[in-house]
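What follows draws every value from the coordinates through simple rules; no lab data is involved. Small disclaimer: the values here were computed from a predicted structure and weren't measured. Neighbour counts are summed over all protein chains in view; Cβ atoms, including those assigned to glycine, are modelled from backbone coordinates with ideal geometry.
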């Protein structure tokens, strides 16, 4: 015979009495800005840096239309103040998404 777990009845009644859980409303950031870095030389590194008073929340890159190159790096800068992007053979442009507020 397998052992069974028995929960105290008070726990079951308390849980049922609470009703469905509701989430707190989401709080929007004060503002967000997308900063574009310079277009790199072919195979070079592009960096987009967040302005003073903002912090990095994400980023990405743009390749020229019709390009099918490998992106060798796409991520935050080591100091987390901007975004780096680098393609193997093509010019690339990094962009950073930066927010004010906490």
- Note on the structure: With a ≥ b ≥ c from the Cα gyration tensor eigenvalues, square-rooted, and the rule rounded for a/c under 1.5, otherwise prolate when a/b > b/c and oblate otherwise, region 29-100 is prolate
- Query: Mind ordering 79-91, 40-52, 60-72 by average Cβ neighbours within 10 Å, highest first?
  - Reply: 79-91, 40-52, 60-72
